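Here's the structure, in structure tokens; my notes come after.
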Amino acid sequence: NFALARAQNKQPGVKLDFSRFSADPAEAARQVLFIDAKPETLAAIAKSASVAENGSGNGSARAPANAPITGLLLGSPDFQRR
């Protein structure tokens, strides 16, 4: 939750520049982790993206497509092992 909040700029005083990260999970992983993400991590991100695309329908402003990807990468076991 911390990583997702951070990636959505919901923490005071912290802003991420999403234009620096790809919307492609595999490429974003290389940018954030400096390594390739494990297949399990990429599968979890794909599943999360699928759920998000089906939408909650709440009508709120959406973060850039790469914001949730970045947050999930920051919260992933791949990042935690660094």
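Structure notes:
- Spin-label model, Asp36/Lys10: points 7 Å from Cα along the beta carbon direction are separated by 3.3 nm.
- Exposure ranking of Phe34, Phe79 by accessible area [1.4 Å probe, largest first]: Phe34, Phe79
- Computed over the range 6-46, relative contact order equals 24 percent, with contacts defined as Cα pairs under 8 Å that lie 6+ residues apart.
The values are calculated or read from the model by the stated rules, or taken from the named source; none is laboratory data. In this text the structure is predicted, and so the values were computed from the model without any measurement. Neighbour counts run over all protein chains shown; Cβ positions are idealised from the backbone, glycine included. Surface areas here come from the heavy atoms of the whole protein model, side chains and all, with no ligands, DNA or RNA. Shrake-Rupley method; radii C 1.70, N 1.55, O 1.52, S 1.80 Å.
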